[in-house]
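Input: a single structure, listed below in structure tokens.
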Amino acid sequence: MTDVASLELTDQQITSARNRLAQLRKKLAEGGLPGILVSSEHDIWYLTGFVGHSALLMVTANRAVIICDRRYEELLQAWDACELFEVVMGARHKLGAEVKRLAGEEGLEQVGIQAESMTIAFRDGLAKSLGSLELVATTDVVATLRQCKTQEEVALIEQAIGIQQDALEVMLEDLTPGMTEAQFTARLEYEMRMRGAEGASFEPIIGSGPNSSVIHHMPGDRPIGDGMLLVDWGAKVDGYCSDLTRTFCFGPMPEPMERVYEVVLQALETAIAACKPGADCAQIDAAARDVITAADWGDQFPHGLGHGLGMDVHESPYFSNRSGGTLLKPGMIMTVEPGVYLPGVGGVRIEEDVLITESGSRVLSTWPRDLDSAQRPSLKAGKGSR
Ligand code: GLY
Ligand code: MN
Ligand code: MN
């Protein structure tokens, strides 16, 4: 992030905002909506480059108005100075009055709102100040625009992956028996921030021993020792998230985790090989699921295969049995993350971030995922380095 004192929108920011606003306006016109009130912080960030809380962005055919309270007045001078945007300052309780005034100036009778990011309470409060202006609920209008990433967005996610990998490498080198899951998590986040991440892209899932079978385990005070260790972690760089999972075992793998690992890996490789433009998201989910079902662990894989990755760690599209008809396109970044979870024994999940290219796909991480690299020496014998 730039210092406020030196903040000016760069040519790249202006070009990107211009393109994104044009795409949004095209989509609104296709849907017959004269304007939209964008309330999702990440969507506003995506469309304008402005990062702040509780703002609204009203986009019509001719105007893009950031409506915000005075916490961001100094920061927003750069947007006010840019020909693409207008900035309206006002207290939060006056936002509705501003929306009404702008709609009146533009002659709008209706305006879209984002059902996925606006609470019912906020909508009802807003509606009271709007008179006859109709609020029309929309879903996924900006989310769809965000699905295909530019080269710059891909580069940020690759940077986040580099940071998370470096941070995990140092963690595994320094791991000694007795460090708790929570301590491991705290230090992993610290190591990512020290390498330039804004933070973790989500609270890391660090599951040791039998905790590795809890799909979204919350790290606790269990000491990490010999046995399974599932690490699902990611970094955030300039608003973009990464999200990988690796499962390790210190010392011998408990039965039947070696076989579980091989099956999960085979499911992952099968799905990655199927990732290409035009592929159906439900069929890719099924391709991985079939491998696990054939090994009789279908019931132990109770989540979707993966999700889009970008400013949100989970964003559309999704790999699941409900995604039929959703086709992959170049520029999408998808996680592929099959897992098998055996309560009381442990779990294996392996997760990759996969860029869909013009001709197929490219895995963005460089961390090995084969069985050998998952098997680590016993922690009792010394360090847990790879
Ligand atoms: N980190 C949560 C997930 O992999 O979806
Ligand atoms: Mn993950
Ligand atoms: Mn994920």
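The values are calculated or read from the model by the stated rules, or taken from the named source; none is laboratory data. Because the structure is predicted, anything quoted here is derived from the model rather than measured. Cβ: placed from backbone, ideal geometry, glycine included. Neighbour counts: every protein chain shown. Only protein heavy atoms, including side chains, enter the accessible area calculation; ligands, DNA and RNA are left aside. Shrake-Rupley method; radii C 1.70, N 1.55, O 1.52, S 1.80 Å.
Tabulated data for the structure shown
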| quantity | calculated |
| --- | --- |
| For the range 212-227, Karplus couplings with θ = phi - 60° (6.51, -1.76, 1.60), whole Hz, Gly/Pro x | 5, 8, 8, 4, 10, 5, 8, x, x, 9, 6, x, 7, x, 5, x |
| 25 Å Cα-Cα threshold exceeded, pairs from K27/K100; K236/K380; K27/K149; K149/K276; K26/K276 | K236/K380; K26/K276 |
| Fraction of accessible area attributable to carbon and sulfur, the chain (%, probe 1.4 Å) | 50 percent |
| Convex hull volume per residue in cubic angstrom - Cα atoms of the chain | 146 Å³ |
| Computed [θ] at 222 nm, deg cm²/dmol, the chain (DSSP H ≥ 4; -39,500 (n - 2.57); rounded to nearest 500) | -10500 deg cm²/dmol |
| Counting DSSP beta bridges with both ends in the chain, the antiparallel % (nearest 5) | 75 percent |
| In the range 268-338, the chymotrypsin sites (Phe, Trp or Tyr not before Pro) that fall in loop regions by DSSP, at most 13 other Cβ within 10 Å | none |
| Helix runs (DSSP H) in the chain reaching 18 Å along axis by Cα, Kyte-Doolittle at least -0.5 | 151-174, 257-274, 281-294 |
| Cα gyration tensor category, rounded, prolate or oblate, for the range 141-211 with a/c compared to 1.5 | prolate |
| All lysines inside 23 Å of K94 as judged from Cα atoms, apart from same-chain residues fewer than 8 positions distant | K128 |
